[in-house]
Every structure is written in structure tokens, then in C-alpha cells.
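*Asks:* Dropping the structure in here first, questions after.
Laboratory data are not the source of any read-out in this text; all were calculated from the coordinates shown. Not measured: the values here are computed from a predicted model. No Cβ is skipped: glycine too gets one built from the backbone with ideal geometry, and neighbour counts run over all protein chains shown.
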Amino acid sequence: MKRALMFIAVLLAAWIAPALAADDPTTAPVQPTSTTESAPAASSPADSATPPATASAESVPPAAPNTDPDTIGRAVDEEIGFQPAATDHAETIHGFHNLLLVIITGVAAFVTVLLLWVMVRYNARVNPKPSTFSHNTLIEVIWTIVPVVILVVIFIPSMNVLYEGDVVPKADLTIKAIGHQWNWSYEYPDNGNFSFLSEMLSDDKAKAAGEPRLLGATTHVVVPVGKVVRVIVTSQDVIHSWAVPAFGVKMDAVPGRLNETWFKANREGIFYGQCSELCGVNHAFMPIEVEVVSQDRFEQWLAETKTKPDTYQYSETEVAPAASVASAQH
Ligand SMILES: [Cu+2]
């Protein structure tokens with residue numbers, strides 16, 4: 001008993017000590033928050049990966065980053081849990097997560113109580129003469145049936161979530177996301193067939209633009225609100241992953257393969273994501289920025305892209321709109 005208590009004490013100490021150390025500003029690692037002094041303007045993601053310890057960015061007036069959870073999809077200080085869902089599919093995923101949380105908490109609590117009860121009530125000192133029976137039909141039936149019921153309860157909504165994410169409904173719009181080491185490029189095949197590159201903003205530029213550090217991108221994926229957007233995801237070099245948490249979307253970008261996912265944003269705003277497949281040294285510096293706008297604003301943006309040939313490159317050939325592609329498939 002004494003040894004067991006000592007073991008628990010050692011475990012607690014090992015758990016508490018790093019937590020205390022993290023509170024101590026002298027030993028805590030520097031947190032990469034947006035208020036951290038930033039490095040001089042980096043010309044490429046590679047530069048910003050290793051910022052020098054100087055602070056010459058004070059001349060840039062800091063714009064207040066948007067932290068309104070209704071119009072922004074990003075991690076916010078002092079929040080816990082998921083980013084607010086911006087699609088019905090993300091809502092479904094959150095619901096499934098909450099169900100699993102209840103089940104796993106119940107199971108863990110039950111097993112813990114059972115274990116403690118056995119340790120206290122049936123240890124060698126309290127119960128020196130143990131019983132010798134080895135079978136009990138009722139309890140064996142229960143411990144077989146109950147886990148099966150729990151698994152079935154998990155299985156049904158789990159398949160629902162998988163199916164919903166996997167089967168693309170009739171798309172209003174198709175975009176193509178291509179992963180590169182280390183940025184994303186996008187194609188809008190059924191809106192004039194243009195393409196553009198989207199790179200991470202340097203710390204200074206992000207600060208000036210009121211964009212979150214490491215999440216702001218030079219160009220945004222612009223899509224209309226309430227429309228089914230099919231995203232074709234692929235890669236040019238290694239495996240990346242196109243992920244936007246608020247949409248409940250995460251799809252691997254595999255070279256030589258076209259993967260498909262979709263989302264239908266239910267409100268306007270800016271939603272951030274990141275490459276979510278370890279793809280190399282600058283993996284952390286290829287953000288995704290999706291701007292969900294009204295149909296009118298979307299059309300305005302499409303018109304604007306024609307006036308910026310340096311940013312948006314139009315292809316000679318226009319491809320068939322998504323609607324006719326979809327009908328040709330079915
Ligand atoms: Cu990547």
C-alpha cells in the first residue's frame with residue numbers, strides 16, 4: 001500500500017512539475033502569438049520560418065485582427081473546443097464528437113469505479129479468503145451484450161458522418177486545390193478557367209492587413225455562400241492535405257491522384273485552414289484562407305480577377321461548367 005501511494009505521488013509530481021514550469025515566464029517557451037514581436041519583412045516562407053530575434057516591425061501600424069466567431073474561422077485565444085461550424089457537415093461532426101465524449105466518459109468512469117471497488121473491497125488484507133467460482137452466465141452475457149450495443153450506437157452516426165462527407169452533392173461550383181512545397185495554387189475551371197497562387201503572408205504583412213499570423217494568405221479562395229462547392233484536391237510534389245476546420249473538411253492532396261471533397265458554407269466570413277499532412281520543412285507555413293461572400297460579391301470578384309493578370313492567370317481553354325460535368329457523370 002505504501003509503495004502504491006509513493007508511485008501515485010511520483011506520477012502526480014511528474015505531471016504537475018512541467019505545468020508549474022510552463023507558468024514560470026523564465027522557463028516557458030516563447031508563445032507564437034500575434035502580439036509577439038515579429039521579424040523584419042520576410043521575402044519567403046522559408047525566411048519567416050527562422051525569424052531573427054530583432055524587433056524592427058514597430059513601424060507597421062498593427063491592425064486589429066478579426067476575432068468575431070461568427071465571421072471568422074480560426075483559433076481564438078482563451079477558447080476551448082472546436083471552431084464554430086460554418087457548414088452543416090461540420091455541425092454533424094461536432095454532434096458525433098459530443099456523443100462519443102459522453103460515451104467514453106461513461107465507460108472510463110465505470111471502469112475506474114469498478115477498479116477502485118475491487119482494489120478496496122477485495123484486496124488480500126480485507127478479503128483474505130477469496131471465493132473460488134469461475135463462471136457466472138448472467139454477468140458474461142451482460143459484458144458481451146453491453147459493449148455490442150455501445151458499438152452499434154457509435155457505428156450508425158459514424159457511417160452517417162462518413163457518407164455525408166464522402167458523397168459530393170450536385171455541385172454549383174468546382175475549384176481545384178493543388179499543394180506545392182510550400183504553398184497552394186487554385187484553379188476555377190468553370191468560371192473562366194483561371195488559376196492563382198496562394199502563399200503565406202509574412203509576419204509584417206499579416207500584421208498590417210489585420211490577418212492572423214501564419215494563417216493569412218496573399219490570395220484567398222473566394223466562394224459564394226450557400227452554394228455546394230466541390231473541391232478537387234491534388235498535389236504537385238509530396239502529399240499535402242487541404243483542411244478547413246470550420247467546414248469539417250480535410251482531404252489529402254496526393255500527387256498523381258484527384259481527390260474530391262465538398263462544402264456548403266452557411267454564412268459569410270473568412271475561414272482559415274492549414275496543410276494537415278506533414279509535407280516537409282515548411283509544412284507549417286502553407287495556410288488556406290477561404291472567403292465566403294454573397295453571390296453578387298463573388299461575381300464582382302470574378303470580374304476583378306480579369307483585371308489582375310499578374311495574380312490571376314487565365315487559361316486559353318474554358319472547361320465545361322460544373323453542372324454539365326455533374327450531369328454527364330450520372
Ligand atoms: Cu503541405
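*Asks:* Give Lys250/Lys306; Lys176/Lys306; Lys170/Lys264; Lys176/Lys264 a once-over and call out the pairs whose C-alpha atoms are over 20 Å from each other.
*Replies:* Working: Lys250/Lys306 30 Å; Lys176/Lys306 18 Å; Lys170/Lys264 11 Å; Lys176/Lys264 16 Å.
Pairs exceeding the cut-off: Lys250/Lys306.
*Asks:* Compute the Cα gyration tensor for segment 172-305, then decide on rounded, prolate or oblate, letting a ≥ b ≥ c be the square roots of its eigenvalues: rounded whenever a/c is under 1.5, prolate when a/b is larger than b/c in the other cases, and oblate in all that remain.
*Replies:* Working: a/c = 1.57, a/b = 1.14, b/c = 1.39.
Taking the square roots of the gyration eigenvalues as a ≥ b ≥ c, segment 172-305 is oblate.
*Asks:* Nearest 20 debye, what's the magnitude of the dipole of segment 173-329 about its Cα centre given +1 on Lys and Arg Cβ and -1 on Asp and Glu Cβ?
*Replies:* Numbers: 13 positive and 19 negative charges, 73 e Å.
For this selection, approximately 340 debye.
*Asks:* A further question follows. Is the shape of segment 206-275 rounded, prolate or oblate, going by the alpha carbon gyration tensor and its root eigenvalues a ≥ b ≥ c, with a/c under 1.5 for rounded and a/b larger than b/c for prolate? Walk me through the numbers before you get to the answer.
*Replies:* On the way: a/c = 2.34, a/b = 1.24, b/c = 1.89.
Oblate, because a/c is 1.5 or more while a/b does not exceed b/c.
*Asks:* Here is a follow-up. Hey, with R₀ at 30 Å, roughly what FRET efficiency would Phe96 and Thr132 work out to, going by the Cβ-Cβ distance, to 0.05? Before the final figure, lay out each step's value.
*Replies:* Details: r = 45 Å, r/R0 = 1.51.
In this case the efficiency is close to 0.10.
*Asks:* Write down the percent of antiparallel bridges among all DSSP beta bridges whose residues are both part of segment 173-329, to the nearest 5.
*Replies:* Working: 32 of 44 bridges.
Expressed as a percentage, antiparallel bridges in segment 173-329 total about 75.
*Asks:* Looking at Ala86, Pro212, Thr112, which one has the Cα that reaches farthest to the positive end of the dipole of segment 71-228 (charges on Cβ: Lys, Arg +1; Asp, Glu -1)?
*Replies:* Going by the Cα projections, it comes out as Thr112.
*Asks:* OK, next. Would you work out which of Leu201, Val221, Val141 lies farthest towards the positive end of the dipole of segment 122-234, given +1 charges on the beta-carbon of Lys and Arg and -1 on that of Asp and Glu, about the Cα centre?
*Replies:* It is Val141.
*Asks:* Between Ala209 and Asp166, take the C-beta separation as r, use R0 = 41 Å, and let me know the FRET efficiency to the nearest 0.05. Each step should come with its number before you reach the end.
*Replies:* Numbers: r = 36 Å, r/R0 = 0.87.
Efficiency at R0 = 41 Å is approximately 0.70.
*Asks:* In nm, give the distance between the simple-model label positions of Gln300 and Leu116, each being 7 Å from the Cα along the Cα-to-Cβ direction.
*Replies:* Roughly 6.0 nm, to one decimal.
*Asks:* Once you place label points 7 Å from the Cα toward the Cβ at Thr307 and Asp77, how far apart are they in nm?
*Replies:* Result: 3.8 nm between the two label points.
*Asks:* From the square roots a ≥ b ≥ c of the eigenvalues of the alpha-carbon gyration tensor of segment 80-133, which class results: rounded (a/c under 1.5), prolate (a/b over b/c), or oblate?
*Replies:* Numbers: a/c = 10.72, a/b = 4.27, b/c = 2.51.
Judged from the Cα gyration tensor, segment 80-133 comes out prolate (a/c at least 1.5, a/b above b/c).
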